[in-house]
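Below is one structure; the comments refer to it alone.
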Amino acid sequence: MRTLTALCAIGVCCAVLSGADWPTDGGNPQRTNWQRDETILRPDNVGNLKILWKLKFDNAPRQMHALLPPLIIGQVRTPSGPKQIALETGVSDNLYAIDVDKGEVVWKKHFEYPPPTRNGGATDPLCPGGLTATPVIGPADATGVRTAYVLAGNGQLHFINLATGDETASPVQFGYPNGKSYALNMWGSVIFTTTSQGCAGNPNQMWAIDVNDSLKKVMTFNPKSGGLWGRTGAAIDSNGIAWAPTGDGTYDLPTQRYGNGLIGAKVEGNELKLRITTFRRTGRSS
C-alpha cells in the first residue's frame, strides 16, 4: 500500500512541473502515454527530480489491487479559486481529489451500495470486485465545470464535478456489479470500457454509452472468444474506432469469433459495431 501511494506521489510531482492535463489513463484517447506539453525536463536535469509530498489514503486493498493511476487537470475552478487537481481512485470504491500544489485532499467520495449478489470470489486475485476502472475526465462545459466519469464497483456510472465532488446527474447502470471493467476512455460524448476474465459472470466485451443520450443506452460488442485485454482499456484512433486486443481463444471469421486477435469497433447510431479485426499471431501453430 505504501509503495503504491509513493508511486502516485512521484507521478504527481512530474505533473507539477509540466502543468499539463492528463484526463484519461495514458494521457489521451490513443493511450500514447506521451506528455506532449512537457518542456522543462531534459537529460541534464531529470536526475534532480524529487518527491514533493506523499499521501497515504484510507483505501483498503482488494487482492492485488489498491490504487489506480492518477489523472491531472491543471486549471479547475474550485470554490476557493483555481487549482491543479489530481484525481486518485481506490479499488474499494473511493475517489480522492488532491490539490497538487499543497499535497492536500480537497474532497473525498466513497460510493455506497448494497453488497452485489454477483462477486468474483473472495480469494480470486483476478476478480477483486470494487472499482477497477480508472475514470476519465471530460472537457469543460460552457460554465467551466469538468465532469469526472467514474464507474463504481456496482456497475453504475457516476457523473462527478471535479471541483467539488458533487454528483451532477443521477448515476446510470453501465456494467455488471464486480465485473472488473478496465480504464474508461472518451470520444466525443461516448464513454468506452472493456471487460475480461468473466468476473462475476460479466461478459468479456467492449462497452460504450453516450452520456448525451437521454435514454443512456448501453452498447456492447462481444468478440465471442477470448477476453478484452489491457488494464488501460480500449484505445481510440483519430476516426473514433475503439481498439482492444482479445485473449487466447478462437479466431474464425465465418463464425464471427475473434479470439487471439485485435478488434476495432465504432459507435454508429445507437449501436457499437465491429469495423475491423485482425489475427494476432503468437508463435503457435494454427
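The values are calculated or read from the model by the stated rules, or taken from the named source; none is laboratory data. What you see is a predicted model, and the numbers here were worked out from it, not measured in a lab. With ideal geometry, Cβ positions are generated from the backbone for all residues, glycine too; neighbour counts draw on all protein chains shown. SASA here: full protein model, heavy atoms, side chains in, ligands and nucleic acids out. Shrake-Rupley method; radii C 1.70, N 1.55, O 1.52, S 1.80 Å.
Evaluate the following for THR278: is it outside any loop (DSSP other than H, G, I, E, B) and open to solvent by less than 80 Å² (accessible area, probe 1.4 Å)? For THR278, the condition - outside any loop (DSSP other than H, G, I, E, B) and open to solvent by less than 80 Å² (accessible area, probe 1.4 Å) - is met. The single condition from (1) more than 23 Å from GLN35 (Cα to Cα); (2) free of Cβ contacts under 8 Å to residues at least 40 places away in the same chain; (3) part of a strand (DSSP E or B) that GLU112 fails is (3). Residue count for region 214-243 satisfying the condition of being surrounded by 15 or more Cβ atoms within 10 Å (Cβ to Cβ) and of a type in the set (D, E, K, R): 3. Only one of (1) open to solvent by 10 Å² or more (accessible area, probe 1.4 Å); (2) within 24 Å of LEU157 (Cα to Cα); (3) among the polar types (S, T, N, Q); (4) free of Cβ contacts under 8 Å to residues at least 40 places away in the same chain fails for GLN256. Which number is that? Condition (2) is where GLN256 drops out.
In the condition set (1) in a strand (DSSP E or B); (2) closer than 29 Å to GLN156 by Cβ, PRO69 is compliant with all but (1). Restricted to region 138-179, and to residues that are open to solvent by 10 Å² or more (accessible area, probe 1.4 Å) and among the β-branched types (Val, Ile, Thr), which residue is farthest from GLN84 (Cα to Cα)? The selected residue is VAL172. Checked against (1) of a type in the set (A, V, I, L, M, F, W, C); (2) touching a Lys or Arg at 6+ places or on another chain (Cβ under 7 Å); (3) closer than 18 Å to ALA140 by Cβ, LEU71 meets all criteria but (2).
What about VAL218, is it modelled with pLDDT of 95 or more and under 30 Å from THR78 (Cα atoms)? In short, no. Looking across region 93-109, the residues that are surrounded by 19 or more Cβ atoms within 10 Å (Cβ to Cβ), on the phi < 0 side of the Ramachandran plot and either part of a loop (DSSP other than H, G, I, E, B) or small (Gly, Ala, Ser) (or both) come down to ALA97, VAL100.
To keep it simple, each residue is scored yes or no on (1) open to solvent by less than 20 Å² (accessible area, probe 1.4 Å); (2) at pLDDT 95 or above.
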{"residue": "LYS50", "(1), (2)": "no, no"}
{"residue": "ASP58", "(1), (2)": "no, yes"}
{"residue": "PRO69", "(1), (2)": "no, yes"}
{"residue": "SER80", "(1), (2)": "no, no"}
{"residue": "GLU88", "(1), (2)": "yes, yes"}
{"residue": "VAL91", "(1), (2)": "yes, yes"}
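Candidates in region 114-137 are the residues that are farther than 19 Å from GLY227 by Cβ and open to solvent by 40 Å² or more (accessible area, probe 1.4 Å); of these, the one that is modelled with the highest pLDDT is PRO114.
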